[in-house]
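What follows is a single structure, written as structure tokens, with notes after it.
Read-outs throughout are calculated quantities, based only on the coordinates presented, and are distinct from any laboratory measurement. Bear in mind that the values here come from a model prediction, so they are computed numbers and not experimental data. Backbone-built Cβ (ideal geometry, glycine too); neighbour counts: all protein chains shown.
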Amino acid sequence: MAKEYSAGAVIFRKDPMGTQYLLLHYPSGSKTKKEYWDFAKGHLEAGETELVTALREVFEETGLRNVRIVPDFREVIQYYFKAEGRTVFKTVVFYLGETKEKTIRISSEHQGFLWLPFKEAMKYLKFANAKKILTKTHAFLQGQSVRSGKNHS
């Protein structure tokens, strides 16, 4: 079975309306039949660490250079998908990045972007893993543990 390893980041910014999360609009293509919203992520290149990959992918996909990685947040998701008739096992490591920038310059990989508060962002996310990452991110930023059983927004 083929394996892929990627890294990315959940990007957020604080504004007068509260915490806003960046979602990127991925078009339908070879890896998925339907378009979807997700976070910036991509494959590790030779010699890169997970963190270097995450920051590179954020820059390539959003144009954001000024991103502060929040310490003590690293989440891993794993899933299977089919591409070109084969099953692929994928591992993605997510970091948490804060920016003060609002303007995004999306790459040709995407159709658009949105800055959204937690509840709205959850409505746009299609995949359970993405929802899980955003829920953990939001709880982390509020100083809560998802494992505590508290799930406030």
Checklist outcome for this item: Flagged as over-length at 21 Å C-alpha distance, from Lys34/Lys123; Lys100/Lys132; Lys34/Lys100; Lys102/Lys132; Lys14/Lys119, the pairs are Lys100/Lys132; Lys34/Lys100; Lys102/Lys132
Item to check | Total formal charge among the other residues, if their Cβ is under 13 angstrom from that of Phe89, Lys/Arg +1 and Asp/Glu -1 | outcome: +3
Next on the checklist: Can you sort Lys131, Lys102, Lys41 from fewest to most other Cβ atoms within 10 Å of each residue's own Cβ?
Outcome noted: Lys102, Lys131, Lys41
Checklist entry - Beyond 22 Å, what share of the Cα-Cα pairs of the chain remains, rounded to the nearest whole percent? => result 38 percent
Checklist outcome for this item: For Ile11, other-chain or 5+-apart residues with amide H closer than 5 Å (H placed, Pro excluded) are Leu22, Ala40, Gly97
Item to check | Under the Karplus curve 6.51 cos²θ - 1.76 cosθ + 1.60, θ = phi - 60°, whole-Hz ³J(HN,Hα) for segment 50-62, x wherever Gly or Pro sits | outcome: 4, 5, 4, 4, 4, 5, 4, 5, 4, 5, 4, 8, 10
Checklist entry - Can you give the net charge of the other residues whose Cβ lies under 13 Å from the Cβ of Val52, counting K and R as +1 and D and E as -1? => result -4
Item to check | HN-Hα J in Hz across segment 106-111 - Karplus 6.51, -1.76, 1.60, θ = phi - 60°, x for Gly and Pro | outcome: 6, 7, 5, 6, 10, 9
Next on the checklist: Sequence gap at least 6, Cα distance under 8 Å: using those rules, report the relative contact order of segment 2-147 to the nearest whole percent.
Outcome noted: 32 percent
Checklist entry - What angle do you read, to the nearest 10 degrees and between 0 and 90, between the alpha-carbon axis of helix 128-141 and the longest principal axis of the chain? => result 30 degrees
